[in-house]
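Trainee: Here it is, the structure in full.
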Amino acid sequence: MRVFNTMTRQKEEFIPIKSKEVNMYVCGPTVYNYFHIGNARTFLVFDTVRRYFEYRGYKVNFIQNFTDIDDKMIKKANEENITVKELGDKYIKEYYKDADGLNIERATVNPRATEYIGEIINFIKDLMDKGYAYEIDGDVYFSTKKFSEYGKLSGQNLEDLQAGARISVDERKNDPMDFAVWKSEKPGEPSWESPWGKGRPGWHIECSCMAHKILGDTIDIHAGGADLVFPHHENEIAQSEARSGKPFANYWMHSAYLNINNRKMSKSLNNFFTTREILERYDAEIVRLFMLSAHYRTPLNFSDELLESAKASNDRLYNAIGNLERLISEVKVQSLLDEEKIYINVLGGYKDKYIDKMDDDFNTADAIAVIFDLVKDINTNVGVESSKELVEYCLNLIRELGKPLGILQKSTIEDLNSEIEALIEQRQQARRDKNWALSDKIRDDLKARGIVLEDTPQGVRWKKAD
Ligand code: AMP
Ligand code: ZN
């Protein structure tokens, strides 16, 4: 498998530290609000990366943190008149609702910054002992010029960065590029005891510390949205590598933005839709199809037209699935016919192509195109004359290729069952209400779709008309 590494700016063969295992750390949300579908793009992309590694037989330790202490958290908690802890609890619960709603697999661990304060303090102490951090009146800063490789991820050098930076009046640090790893307590803010007095951790230190605690000094993949390359990931590298003397991550992956009218979707620009709003309008599999129809390193523009087109694509794929599901009960032959054995090889070719595309830096756009080609081939060549074994093979293959993308996992039969059960219940209610016109209409509509209702002593049963 080949992965584009932001550090080297090229695709590289993926070589795990431990055979057939991937340790990955993805920067997660600040839990002060519902997440928007720009954030969702990043979460979905790395969920897909993780699923695909699993598909290729790797065991994946997937860590995604919750930032539950920072300026935004404190401001929002004050506005809502609750504690920062209560705010975090609330939006972590909401995060899981939306992430589950998008079929995002649960992380192996979702560490919260505030649960690692002791470890963060020890991490900072190590940095001070090694001369990489210094204290001024209860604030602790990382000294960027002590870390000679500062700037290597974003391809900038420290002198240029220093020249472009401005020191704000309230900061007492030695150098404009130094950044806070510990912030002294301000009135009304939550704080923890430390060797430097009461205070709280900076943002960057939490990820360095939690990645180290959970996964060790060197991890396989560190990932996040493109906005995190600088300064967040640059600072994480400086802290982690200064402390351990080892590379922090072997591969750095960054997903491009979800834009709206060609500007990054973000809370601060107030140009966002929450994931929740979108999930009310579209099924998760449609949202995933939309997001994954672009390569993860290409910016994607959000629009109703693109979502509608993803919906149409999804319908087309499910039409094929529906046909195959129906064929299973209609076909006459059970076992694979001789000529079908050759055809199965043709179908296997699509799987090889799909794997080629996904192995090449997770090219989901091309992989989806391969699924469409596969489905088109099946639509033309599989029918009532086919064997049950072939029909089942086709169905399983479509689902297998959909799984790493989190699409095509539903059954049209289950959908039909629940739809009919709901209509029967509506008809029963109409009868209880003596609304005979409505109850007759439901019965007739179902009959027009080939579904016959039978009143039995055990209740209403339905069957397909012969
Ligand atoms: P935040 O809660 O703002 O720290 O963001 C959580 C994650 O979402 C980070 O990995 C960000 O890089 C990512 N993110 C934020 N906005 C967007 C966007 N418009 N498109 C893609 N990813 C984004
Ligand atoms: Zn982070």
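Trainee: With +1 on each Lys and Arg Cβ and -1 on each Asp and Glu Cβ, how big is the dipole of segment 253-339 about its Cα centre, in debye rounded to the nearest 20?
Mentor: Charge dipole, segment 253-339, about its Cα centre: 580 debye, nearest 20.
Trainee: I would also like to ask the following. Enumerate the calculated ³J(HN,Hα) couplings along segment 198-204 in order (Karplus 6.51 cos²θ - 1.76 cosθ + 1.60, θ = phi - 60°), each rounded to whole Hz, writing x wherever the residue is Gly or Pro.
Mentor: Listing the rounded values in order: 5, x, 9, x, x, 6, 4 Hz.
Trainee: If contacts are Cα pairs under 8 angstrom and at least 6 residues apart, what is the relative contact order of segment 2-255 in percent?
Mentor: 23 percent
Trainee: Label 7 Å along Cα→Cβ of GLU171; segment 151-165 residues with amide nitrogen under 12 Å?
Mentor: Once the point is set 7 Å along Cα→Cβ of GLU171, 162-165 turn out to lie under 12 Å by backbone N, inside segment 151-165.
Trainee: Can you give the log10 of the normalised intensity I(q)/I(0) at q = 0.17, 0.22 Å⁻¹, computed with Debye over equal Cα scatterers of segment 225-309?
Mentor: Reported log10 I(q)/I(0), two decimals: -0.80, -1.07.
Trainee: Another question, if that's okay. Going by the alpha-carbon gyration tensor, a ≥ b ≥ c the square roots of its eigenvalues, is segment 304-405 rounded (a/c under 1.5) or, if a/c is not under 1.5, prolate (a/b greater than b/c) versus oblate?
Mentor: Oblate.
Trainee: Averaging over all projection directions, find the projected area of the Cα convex hull of segment 66-214 and quote it in nm² with one decimal place.
Mentor: 10.8 nm²
Trainee: Cα atoms only: what Rg and Dmax, in Å, come out for segment 418-464?
Mentor: 9.9, 27
Trainee: Would you work out the charge dipole size for the chain about its Cα centre, treating the Cβ of every Lys and Arg as +1 and the Cβ of every Asp and Glu as -1, and quote it to the nearest 20 debye?
Mentor: The dipole of the chain has a size of about 320 debye.
Trainee: Can you tell me how much longer the chain between GLU421 and ASP129 gets when fully stretched, taken as 0.36 nm per residue apart minus their C-alpha distance, in nm with one decimal?
Mentor: Difference between extended and current length: 98.3 nm.
Trainee: If you don't mind, there's one more thing I want to ask. Sorting check: for 207-220, 369-382, 12-25, which peptide has the highest mean count of neighbouring beta carbons within 10 Å, and how do the rest follow?
Mentor: Per-residue Cβ counts within 10 Å, averaged per peptide and sorted highest first, yield 207-220, 369-382, 12-25.
Trainee: Restricting to lysine pairs 8 or more places apart or on different chains, what number in segment 304-405 have Cα atoms under 21 Å apart?
Mentor: Taking the Cα cut-off of 21 Å, the pair count is 17.
Trainee: Given 0.36 nm per residue, what is the gain on full extension from ASN301 to GLU79 after removing their alpha carbon distance, in nm?
Mentor: Gain in length upon complete extension: 76.7 nm.
Trainee: Angle, helix 71-80 long axis vs. longest principal axis of the chain, Cα atoms, 0 to 90°, nearest 10?
Mentor: 70 degrees
Trainee: About the Cα centre, and with charges only on the beta carbon of Lys, Arg (+1) and Asp, Glu (-1), how big is the dipole of segment 418-464? Nearest 20 debye, please.
Mentor: With only Lys, Arg, Asp and Glu charged at Cβ, the dipole is about 120 debye.
Trainee: Given R₀ = 25 Å, FRET efficiency for PHE372-SER411 by Cβ-Cβ distance, to 0.05?
Mentor: Here the calculated transfer efficiency is 0.80.
Trainee: Along each principal axis of its Cα atoms, how long is the chain end to end? Whole angstroms, biggest number first, please.
Mentor: That gives 84, 59, 39 Å along the principal axes, largest extent first.
Trainee: Counting only helical runs of four or more DSSP H residues, what would the 222 nm mean residue ellipticity of the chain come to if each run contributes -39,500 (n - 2.57) and the total is spread over all its residues?
Mentor: The helix contribution divided over the chain gives -15500 deg cm²/dmol.
Trainee: Please report, to two decimal places, log10 I(q)/I(0) for segment 9-123 at q = 0.13, 0.17, 0.20 Å⁻¹ as given by the Debye formula with identical point scatterers on the Cα atoms and no solvent.
Mentor: One equal scatterer on each Cα of segment 9-123 leads to -0.60, -0.91, -1.12.
Trainee: Let me ask something else. Taking N as the number of residues in segment 341-466, what value does Rg over Cα atoms divided by 2.2 N^0.38 Å take?
Mentor: 1.52
Trainee: If one puts a single equal scatterer on every Cα of segment 2-255 and applies the Debye formula without solvent, what log₁₀ I(q)/I(0) results at q = 0.13 Å⁻¹?
Mentor: Relative scattering, expressed as log10 I(q)/I(0), comes to -0.85.
Trainee: Next up: Sorted by packing (mean other beta-carbon atoms within 10 Å per residue), highest first, where do 401-407, 77-83, 41-47, 130-136 land?
Mentor: Descending mean neighbour count gives 41-47, 401-407, 130-136, 77-83.
Any read-out appearing in this document is the output of simple, stated calculations on the displayed coordinates, not a laboratory observation. Given the structure is predicted, the values throughout are model-derived calculations rather than measurements. Cβ: placed from backbone, ideal geometry, glycine included. Neighbour counts: every protein chain shown.
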